[in-house]
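Chemist: Could you have a look at this structure, given as structure tokens, before my questions?
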Amino acid sequence: MSRNDDDDKHPLLHSTPEGSVKIPVASVSIGREATQTKGNMKTTILVWLTLQNSIHTLLIRYSRAREVDAMFVSTVAVWLTEVIKCFICLFLVAQEETPRRFIYALKTQILEQPFDTLKVCIPAMIYIVQNNLFYVAASHLDAATFMITSQLKIFTAAIFTVIILRRSLNTTQWFALGVLFVGVSLVQLQGTASKTMDGESPFTGFVAVVVACCLSGFAGIYFEKILKGSAPVSLWMRNVQMAVFAIPSSFLAIYMQDAKTVNEYGLLYGFDSIVWLTVLWYGIGGLSVAVCIKYADNIAKNFATSVAIVLSTIGSMFLFDFIPSLTFLLGAALVIFSIFLYSSHQSMVAALGRLRGEIPTTKEAFCL
């Protein structure tokens, strides 16, 4: 048997002994490039999630704990965050659609489907209350304690997953939730020599975080149920739908809670570069969940959260004279351990699925 002369001239085929299978060199090269690009994307997302989580915690604490002549109104900050998120999502929707179809997409997805839009009303309202509570917590808790305590959202999301979605947790996951609860309790019981502001109440901050985590857990699972039971809509369009309720309701909250201050000094009372940076970072961070869901797996997410806890603690030591005790460090270690332990089951299932060449059915990249 003789080789086809055309094969020798083909630039995409590798020369092999007679009778053997020829390997398309270009395909191998493209596959390697795709794998490398995917790895670079995961690394980028890992670094971004780490910086976003840690810087966000330090920013929100610094904006509330620093000594200034005029302290900004947190309800105004929440409202501006929702406005910024809406503009970002509108821009991303416009990128998905042609300029001519942009207005048509908004009309058909929001105005012509009122019942579908109304479904996101509840989580939109809940997130407004949650964000206001996080500002309250940041006013009373140091950044490290705030960061660690907010991981209770994993606990509340798991509980609402069992109640609302009727899913079951395995023994390892229940044990991880118990470890998480113990770790957060130790963090709250720790005695520190950190610098505090007049009028700070760690108990008030703790209650605010716990309530916010409960609301976050419920809203997240409720929103997941909505997404599963509705017609396919892009994540950016869903955020625009939520903004329809979030922006007016958060603006109403300003006058329900801080009408006197706003009427006397204006909406932007106390706003400076630090506050604007906090608001912008908060808005971008809220949309980072979508990026996490799309690109980051559980290992990357957990690693980012764990490093963010460490960075927040170190940042608190330098910025706020925070001195962690051994009890605090033990509690933080337990929280980090529980985060990895809770998702170990899903990660193992996903890994086995990839080995078999299957697509995992679990939400491997779900960000709590």
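Chemist: Is it the case, given these coordinates, that Ile254 is open to solvent by less than 20 Å² (accessible area, probe 1.4 Å) and under 20 Å from the mean Cα position of the chain (by Cα)?
Modeler: no
Chemist: Another question, if that's okay. Which ones in segment 307-336 are open to solvent by 20 Å² or more (accessible area, probe 1.4 Å) and more than 19 Å from Ser185 (Cβ to Cβ)?
Modeler: Val307, Val310, Leu311, Ile314, Met317, Phe318, Leu319, Phe320, Asp321, Ile323
Chemist: Let me spell it out: the conditions are (1) open to solvent by less than 10 Å² (accessible area, probe 1.4 Å); (2) more than 28 Å from Leu58 (Cα to Cα); (3) of a type in the set (A, V, I, L, M, F, W, C), and Ala208 meets all of them except one. Which number is the exception?
Modeler: So the condition that Ala208 fails would be (2).
Chemist: Cβ-Cβ distance below 9 Å, separation of 6 or more or different chains: which pairs start in segment 149-166 with a residue that is within 25 Å of Ala308 (Cα to Cα) and end on one that is of a type in the set (Phe, Trp, Tyr) and surrounded by fewer than 16 Cβ atoms within 10 Å (Cβ to Cβ)?
Modeler: The qualifying pairs are Leu152/Phe181; Phe155/Phe181; Ala158/Trp174.
Chemist: State which residue pairs qualify: first residue within 10 Å of Val76 (Cα to Cα) and inside segment 247-259, second residue open to solvent by 40 Å² or more (accessible area, probe 1.4 Å) and in a helix (DSSP H, G or I) in any location, beta carbons under 9 Å apart, and separation of 6 or more residues or different chains.
Modeler: What qualifies is Ser250/Trp79; Phe251/Trp79; Ala253/Trp79; Ala253/Val129; Ile254/Trp79; Tyr255/Asn263.
Chemist: Shifting gears a bit: Among (1) of a type in the set (Phe, Trp, Tyr); (2) part of a helix (DSSP H, G or I); (3) more than 20 Å from the chain's Cα centre (by Cα), where does Phe271 come up short?
Modeler: (2)
Chemist: For segment 70-122, give me every one of the helices (runs of 4 or more DSSP H) that falls completely inside it and has 1 or more residues that are within 19 Å of the chain's Cα centre (by Cα), modelled with pLDDT of 85 or more and crowded, with 16+ Cβ neighbours inside 10 Å.
Modeler: 74-96
Chemist: Now for a different question. Which of the residues that make up segment 181-199 are part of a helix (DSSP H, G or I), among the aliphatic types (A, V, I, L, M) and modelled with pLDDT under 90?
Modeler: Val184, Leu186, Val187, Leu189
Chemist: Among the residues of segment 270-304 satisfying the criterion of being open to solvent by 60 Å² or more (accessible area, probe 1.4 Å) and at pLDDT 90 or above, which is farthest from Leu235 (Cα to Cα)?
Modeler: Ser273
Chemist: Look at segment 70-101 and say how many of its residues are acidic (Asp, Glu) and free of Cβ contacts under 8 Å to residues at least 12 places away in the same chain.
Modeler: 1
Chemist: Separate question: So, in segment 162-178, of the ones that are assigned to a helix (DSSP H, G or I) and among the small types (Gly, Ala, Ser), which residue ends up nearest to Tyr342 (Cα to Cα)?
Modeler: My answer is Ala176.
Chemist: Part of a helix (DSSP H, G or I) and modelled with pLDDT of 85 or more: which single residue out of Phe245, Phe223 fits that description?
Modeler: Phe245
The values are calculated or read from the model by the stated rules, or taken from the named source; none is laboratory data. Keep in mind that what you see is a predicted model, and the values were worked out from it rather than measured. Please note: Cβ atoms are built from the backbone with ideal geometry, for glycine as well, and neighbour counts cover all protein chains shown. Accessible surface areas use protein heavy atoms only, side chains included; no ligands, DNA or RNA. Shrake-Rupley method; radii C 1.70, N 1.55, O 1.52, S 1.80 Å.
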